[in-house]
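**Student:** Take this structure, written in structure tokens, and hold onto it; I'll ask about it next.
The values are calculated or read from the model by the stated rules, or taken from the named source; none is laboratory data. Bear in mind the structure is a predicted one, so any value in this text is a computation, not a measurement. Glycine also receives a Cβ, built like all others from the backbone with ideal geometry; neighbour counts cover every protein chain displayed.
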Ligand SMILES: Cc1cc2nc3c(=O)[nH]c(=O)nc-3n(C[C@H](O)[C@H](O)[C@H](O)COP(=O)(O)O)c2cc1C
């Protein structure tokens, strides 16, 4: 009798989970409240370089210094990060919104976006923009492949500060990436 009561309650619990429905409008509004910076992620595979605008970036650990970045699974750069296990993150100045736009728009060929933004190779051989607040180079230490983006975790191995100043953030651009 007791067993059957417990089994019924258990069934009720699982039924209630099944009945849960996500309010997608609320989810979108709330997730878009997460504050984001705007960065140019750089990748290199041999002679091929590429870069794209990334906003899903945050720090993940002080020691070792880790950064976490969500990358579209179907992007060109995703495949390069998986193959080479490294990436750079360039911090844009607050007045570099136009450059951020160049780096999310379609390009003629891989790496073509860098025609608008000269770069120098860092110690890991990754593209670091010459004109930006600065940039870091990271070695991949982990990844979580689930859904339409992969969460990459990178250990910061080099850092080049060009000129400290206010960095570009997503809210100031009026753009959205998230929700
Ligand atoms: C405001 C904004 C923020 C973006 N943030 C990201 C991001 O965090 N991760 C990502 O993978 N793509 C992000 N994108 C999309 C990429 O910049 C875009 O898909 C790019 O074309 C990928 O380039 P690739 O295919 O050459 O690697 C963002 C786009 C916009 C407009």
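Residue by residue, here is whether (1) more than 16 Å from the ligand (Cβ to nearest atom); (2) more than 20 Å from residue 168 (Cα to Cα) holds:
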position: 41; (1), (2): no, no
position: 44; (1), (2): no, yes
position: 61; (1), (2): yes, yes
position: 64; (1), (2): yes, yes
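**Student:** Show the residue pairs meeting these rules: Cβ distance below 8 Å; 6+ apart or different chains; first residue within the range 77-101 and in contact (Cβ under 8 Å) with a residue 12 or more places away in the chain and on the phi > 0 side of the Ramachandran plot; second residue within 12 Å of the ligand (Cβ to nearest atom) and not in a strand (DSSP E or B).
**Tutor:** Final answer for the pair search is none.
**Student:** Moving on to the next point. So, of the residues in the range 131-155 that are exposed (fewer than 13 other Cβ atoms within 10 Å of the Cβ) and in contact with a strand residue (DSSP E or B) (Cβ under 7 Å, 6 or more places away or on another chain), which turns out to be farthest from residue 64 (Cα to Cα)?
**Tutor:** Filtering the range 131-155 for residues exposed (fewer than 13 other Cβ atoms within 10 Å of the Cβ) gives 142, 144-148.
Then keep just the ones that are in contact with a strand residue (DSSP E or B) (Cβ under 7 Å, 6 or more places away or on another chain); that gives 142, 144, 148.
Details: 142: 13, 144: 19, 148: 28 Å.
Only one residue fits best here, namely 148.
Results for (1) within 19 Å of residue 77 (Cα to Cα); (2) free of Cβ contacts under 8 Å to residues at least 12 places away in the same chain; (3) in contact with a helix residue (DSSP H, G or I) (Cβ under 7 Å, 6 or more places away or on another chain); (4) assigned to a strand (DSSP E or B), shown as yes or no for each residue.
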| site | (1), (2), (3), (4) |
| --- | --- |
| 125 | yes, no, no, no |
| 131 | no, no, no, no |
| 135 | yes, no, no, yes |
| 140 | yes, no, yes, yes |
| 144 | yes, yes, no, yes |
| 152 | yes, no, yes, yes |
| 171 | no, no, no, no |
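Residues are listed down the side, and each one gets a yes or a no for (1) within 12 Å of the chain's Cα centre (by Cα); (2) surrounded by 14 or more Cβ atoms within 10 Å (Cβ to Cβ); (3) in a strand (DSSP E or B):
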residue: 60; (1), (2), (3): no, yes, yes
residue: 77; (1), (2), (3): yes, yes, no
residue: 82; (1), (2), (3): no, yes, no
residue: 98; (1), (2), (3): no, no, no
residue: 104; (1), (2), (3): no, yes, no
residue: 109; (1), (2), (3): no, no, no
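**Student:** Continuing with this model, one more query. Look at residue 99 and say whether it is more than 23 Å from residue 63 (Cβ to Cβ) and in contact with a strand residue (DSSP E or B) (Cβ under 7 Å, 6 or more places away or on another chain).
**Tutor:** no
**Student:** Residues that are crowded, with 16+ Cβ neighbours inside 10 Å, away from the ligand (no atom under 15 Å from the Cβ) and modelled with pLDDT of 95 or more: does the range 163-177 have at least one?
**Tutor:** No; the residues of the range 163-177 include none that is crowded, with 16+ Cβ neighbours inside 10 Å, away from the ligand (no atom under 15 Å from the Cβ) and modelled with pLDDT of 95 or more.
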